[in-house]
1. Compute the normalised compactness of the chain: alpha-carbon radius of gyration over 2.2 N^0.38 Å, N being the residue count.
2. Over segment 43-192, what percent of the accessible surface lies on carbon and sulfur atoms, probe 1.4 Å?
3. If amide H atoms are built 1.01 Å from N in the plane of the peptide, which residues on other chains or at least 5 residues away come under 5 Å of the amide H of Leu6?
4. Could you tell me the accessible area of Lys143 in Å² (1.4 Å probe, neighbours in place), rounded to the nearest ten?
5. Counting Lys +1, Arg +1, Asp -1, Glu -1, what net charge surrounds His109 among other residues with beta carbon under 10 Å of its beta carbon?
6. Using only helices, what value at 222 nm comes out for the chain when you add -39,500 (n - 2.57) per DSSP H run of length 4 or more and divide by the total residues, to the nearest 500 deg cm²/dmol?
7. ³J(HN,Hα) across segment 33-48 via Karplus (A = 6.51, B = -1.76, C = 1.60, θ = phi - 60°), whole Hz, x for Gly/Pro?
8. How much accessible area does Glu139 have with a 1.4 Å probe, in Å² rounded to the nearest 10?
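The values are calculated or read from the model by the stated rules, or taken from the named source; none is laboratory data. Bear in mind that the values here come from a model prediction, so they are computed numbers and not experimental data. Every residue, glycine among them, receives a Cβ derived from its backbone with ideal geometry; neighbour counts consider all protein chains shown. Note: areas computed on protein heavy atoms with side chains; ligands, DNA, RNA excluded. Shrake-Rupley method; radii C 1.70, N 1.55, O 1.52, S 1.80 Å.
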Amino acid sequence: MRLVLLGAPGSGKGTQATRLREHLQVPHISTGDLLRAEVAAGSPLGLEAKAVMARGELVSDGILLGMLEDRFSRPDTRNGFILDGYPRNLAQADAMGTLLERIGQPMDHAVFLDVPTELLVERIAGRAKAEGREDDSPESVRKRLQIYNDSTAPVVEYYRQHGQLKVVDGVGSLDDVFNRIVETIAPVKEVG
Ligand code: AP5
C-alpha cells in the first residue's frame, strides 16, 4: 500500500503514520523526521535546513526531492510506504508524481486529516510544553499555518482532481481517527 497523509501542522499525520506503519507493515517516511535527523547529525544539509525550519518556513524543493529519491532507493519501500510531510506545494506534488511513475510505484491513496485551526493550535501548544520542538513557538506556528494555507492546501485539491483524495475527520481520540483511516483505505468488498 502506498499512502500519503495530508493535513495541516498538528493534524496528527505523524501520530497516525506511526500506527499505520504497524498495521500495514510498510515504512513511515516523514520528511520532517528526515530533516530533523540531518539537523541533529550536523550534516551540511542539516546546517542549511536548521534555521529555515526554526522559522517555520519550507526547506528548498531541491533538497527535499534529493532526500526522497535517496529514501525511495532503499529496498524497504518496495512493498509500499506511508509518506508524511510531502508534498507541501504543487511543484513537490508534480515532482512526486514523476518520481513514483519512474520507479513504477503509483500512489494508492491521499488521506487528508481534516482538523479545525483552533484545535491544531491547541495540540501544538500541548506538544510545545511537553517536547519543546523548536518550530512549535507561537511565531513559527503562525508561519507554518500560513504556509500550509497558501502552499499546501492546494495539494489537497491536486489529489482530489487526480481522484485519489480521501477526507478523514481528524477530530476525536487517536483510536477513532485511526479506525476511520483504516476503514477509508480498506479495499471495497465485492458483493455476491
Ligand atoms: P513536519 O515535521 O512535517 O511538521 P508539520 O507538517 O508541521 O507537522 P507536525 O509534526 O506539527 O504535525 P502532525 O500533523 O505530524 O501532527 P502530530 O501527529 O505530530 O515538518 C517540520 C518542518 O520541516 C516544516 O515546517 C519545514 O520547515 C520542513 N519540511 C518538512 N517537510 C517539508 C517539505 N516537504 N518541503 C519543505 N520543507 C519541509 O500531532 C501533533 C500533536 O497533536 C501531538 O502532540 C499529538 O500527540 C497530538 N495529537 C495527534 N492526534 C491527536 C488526537 N486525535 N487527539 C489529541 N491529540 C492529538
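1. Working: Rg = 16.3 Å, N = 192, 2.2 N^0.38 = 16.2 Å.
Compactness ratio reported: 1.01.
2. Details: 4470 of 8480 Å².
Roughly 53 percent, rounded to a whole number.
3. Residues meeting the criterion, in which the H sits 1.01 Å from N, are Val111, Phe112, Leu113.
4. Ignoring ligands and nucleic acids, Lys143 comes out at about 70 Å².
5. Working: positive: Arg2, Lys166; negative: Asp108.
After counting each charged neighbour, the total is +1.
6. Numbers: 9 runs with 105 residues, N = 192.
Estimated from H runs of four or more residues: -17000 deg cm²/dmol.
7. Once θ is set to phi - 60°, the couplings for segment 33-48 become 5, 4, 5, 5, 5, 5, 5, 5, 7, x, 5, x, 5, x, 5, 5 Hz.
8. 120
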